[in-house]
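Input: one structure, supplied below.
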Amino acid sequence: MGAGSLLREMQGLLAGLYDVPVEHDVSRFLITDAADAARLQGAAGAPRTDEQLLIAEGEEGVEVGLYVDAAVLGRLAERCPMRALDEGNLADYCTALEGVSHFHYFTWSAGCERAVSLLELELQAEVDKYASALRLMLAQRSGRFPADLFHRLFDRAQLLPHLGAEERSRYAEAHRFAARFCRRLEERFLRRRRARPAAMLAELRSFYRLGSQAKLRHAAQWH
C-alpha cells in the first residue's frame, strides 16, 4: 500500500470512528521530504519530529501540509497496520496516525469555524491513537481485547529528549489527560462483564466535539 493510500485509509478510520466526514483528503497534503518541510516552515534544519502539521498564513488564507518521515511510511508499507497491527509496527502506526489526527481535527475544526489550541490537538491525537488502534486490533483479533494496549501507549511512552521546555510541558499534559480519559473508557465500557461498545463510541464522539478547556475538564472529572 502506498503512503497516500495508507494515510487516506487512516483518515477514513478516524472519520468513521467519530462520524466526522472527510472534507480534505490528507494524501493531497502529504510531505515526506524533510528538506521540503523545512523550506515550507522557513526553518534552517529538518523537522525535529517524524510527523508535523505545517500551518502557515498565506495571501489566500491558511495553508496546510502534513509532514510524515519517508522512513516511517516505508516501514509501514512493508508491515501494513491496517491489515495487522502489533508490537512490530505500533510505534510507526502511532507516528503516522498522530499526523493524520492533527490534520483531520484541524481541518474539521476550521470548517466549523472553531479555533484550536496546540494542547487540544495533542490531547485529541493521544485519544485517537488509542481509540483507532483499539478498533483495528479488535477487528483483526476476532474481538479479543488487546489488554496490553493501554500499557504500551501510555505507561511505556517516553517524550523525545530534544523537545523544548514548552513543548515537553504541552505533550506531558496532553498525555496525562488522555491517559486518564482512556483508562476510564476501558473501566467503564470494556472491562466489565458486559461490554458496551456502542456507549463507548458515543462517549468518544461526544469528546471529539468538545472544545479545548471542555476536553480537559471532561478528562479530569469524568467517571
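Which order do 151, 102 fall in if you start with the one that has the fewest other Cβ atoms within 10 Å? Kindly include the intermediate steps, with their values, before the conclusion.
Details: 151 11, 102 25.
Least crowded to most crowded, the residues run 151, 102.
Which three semi-axes in whole Å describe the equivalent ellipsoid of segment 3-221, each the square root of 5 times a Cα gyration tensor eigenvalue, listed largest first? Walk me through the numbers on the way to the answer.
On the way: eigenvalues 145, 80, 60 Å².
Working through the eigenvalues yields semi-axes of 27, 20, 17 Å.
What whole-number distance in Å separates the alpha-carbon centres of segment 92-124 and segment 1-37?
Between the Cα centre of segment 92-124 and that of segment 1-37, the gap is 12 Å.
What are the DSSP H helices in the chain that stretch 18 Å or more along their long axis, judged by alpha-carbon atoms, and whose average Kyte-Doolittle hydropathy comes to at least -0.5?
Details: long enough: 3-18 (23 Å, 0.61); 90-111 (30 Å, 0.21); 118-140 (33 Å, 0.37); 165-185 (30 Å, -1.04).
Flagged H segments are 3-18, 90-111, 118-140.
Under the rule of -39500 (n - 2.57) per DSSP H run of 4 or more residues, summed and divided by the residues of the chain, what mean residue ellipticity at 222 nm is obtained, to the nearest 500 deg cm²/dmol?
On the way: 8 runs with 121 residues, N = 223.
The helix contribution divided over the chain gives -18000 deg cm²/dmol.
Looking at segment 97-174, which trypsin sites (Lys or Arg not before Pro) are DSSP coil and have at most 14 other C-beta atoms within 10 Å of their C-beta?
Loop-located and lightly packed - 114, 141, 144, 156.
List the residues, sorted by chain then number, that are 5 or more residues from residue 30 or on another chain and whose placed amide H is less than 5 Å from its amide H.
66
Hey, fewest Cβ within 10 Å first, where do 182, 80, 112, 94 land in order? Working shown, then result.
Working: 182 22, 80 15, 112 10, 94 25.
The most exposed by this proxy come first: 112, 80, 182, 94.
In vacuum, with every alpha carbon of segment 128-207 counted as one equal point scatterer, what does the Debye formula give for log10 I(q)/I(0) at q = 0.20 Å⁻¹? Two decimals, please.
-0.94
Let me ask something else about it. Ranked by Cβ crowding within 10 angstrom, fewest neighbours first, how are 82, 137 ordered?
Values: 82 17, 137 20.
Ascending number of Cβ neighbours within 10 Å: 82, 137.
We did not get these values from a lab; they are worked out from the coordinates using the rules stated. Predicted model only: the values in this text are computed from it and were never measured. Methodologically, a virtual Cβ is constructed for each residue, glycine included, from the backbone with ideal geometry; neighbour enumeration extends over all protein chains shown.
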